[in-house]
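Accompanying notes for the structure given below.
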Amino acid sequence: MKRLIPLLLAVLLLLAAGSALAADPYAAARQHMVDTQIQARGIGDPLVLAAMRTVPRHEFVAPKWQAQAYQDHPLPIGQGQTISQPFIVAYMSQVLQVRPGLKVLEIGTGSGYQAAVLAVMGAQVHTVEIVPELAENAAATLKRLGYKGVQVKLADGHFGWPSAAPFDRIMVTAGAKKIPPALLEQLAPGGRMVIPVGSGSLGEELTLVSKDQQGRISRQTLLPVRFVPLVGGNKPGQK
Ligand code: SAH
């Protein structure tokens, strides 16, 4: 009998591992993605690494793209939009220095994947999307997967989310011609914002904006990137 117990335990462990794999056939691909695309390229924030190892990226894309979900490139998410390359998601999350309990505003919900990563890092996430189908889809995906720390709103992100402001962190995941003034206003003292800024045809510069305790703004450009455009920007009632 004594001999049987370790054997039984081993069988149970194997069964548990088997069912975990069956529940998530992409678990190994996801770990490989983090090892080779993210950690190997210098991302060291343990919260970012843990979140990227956890969030099932394939659940945020259409079935026909799932097999590519952990590859080193952006993916279509419908409505002409894309989910960023995994490295860019990790890089922006690290630059923002997200910590548990911080209030984070994301502009450009898209699939909801980046919002889920921020939520797993412990942030209270407010995310704004301008395309109704994408906002609805992302809210449904986040709910289905059980991400409770995310609120999705359908609106033009140029105006932020005034009723929930100020935000400790702001992440814009669409390319802006210039930094929307409302986002600067809604950034808390000591806050950080990461935003791709540029003319469009030439791509953008990923820019880190910091606000000190006195409310002074400073900017630092980080790296050249290419995002889908941040559209809208007209005041309600204005064409
Ligand atoms: N973060 C997303 C990917 C974003 S792609 C993800 O993890 O999947 C950029 C998104 O920004 C698109 O969904 C696009 O519809 C949205 N967008 C563009 N302009 C916007 C605006 N003014 N306000 C809010 N969302 C906007």
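The values are calculated or read from the model by the stated rules, or taken from the named source; none is laboratory data. Only a predicted model underlies this, so the values are computations on that prediction, with no experimental measurement involved. In this analysis, Cβ positions are derived from the backbone assuming ideal geometry, glycine residues included, and neighbour counts consider all displayed protein chains. For the accessible areas, the whole protein counts, side chains as well, though only heavy atoms, and no ligand, DNA or RNA atoms are used. Shrake-Rupley method; radii C 1.70, N 1.55, O 1.52, S 1.80 Å.
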Next item on the list: Express the carbon and sulfur contribution to the solvent-accessible surface of region 4-225 as a percent, rounded to the nearest whole number, probe 1.4 angstrom.
Entry: 60
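Expressed as a rounded percentage, what relative contact order does region 4-225 have, with Cα pairs under 8 Å and six or more residues apart?
13
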Notebook entry, point to check: Expressed as an acute angle from 0 to 90° and rounded to the nearest 10, what is the orientation of the C-alpha long axis of helix 4-23 relative to the principal long axis of the chain?
Noted result: 30
Checklist line | FRET efficiency, Val231 to Ala28 (Cβ-Cβ, R0 41 Å, nearest 0.05) | finding: 0.60
Notebook entry, point to check: Binning every alpha carbon pair distance of the chain at 5 Å from zero, what are the percents per bin?
Noted result: 1, 7, 13, 17, 20, 16, 10, 6, 3, 3, 2, 1, 1, 0, 0, 0
Notebook entry, point to check: By how many degrees, between 0 and 90 and to the nearest 10, does the Cα long axis of helix 86-95 differ from the longest principal axis of the chain?
Noted result: 60
Item checked: Rounded to the nearest 10 Å², the accessible area of Asp35 at probe 1.4 Å -> 70
Check: So how exposed is Arg192, as accessible area in Å² (1.4 Å probe, rounded to 10)?
Finding: 50
Next item on the list: Please calculate how many Å² of accessible area the chain carries per residue, with a 1.4 Å probe and no DNA, RNA or ligand atoms counted.
Entry: 51
Notebook entry, point to check: In degrees between 0 and 90, to the nearest 10, how far off the longest principal axis of the chain does helix 132-144 point, with axes built from Cα atoms?
Noted result: 30
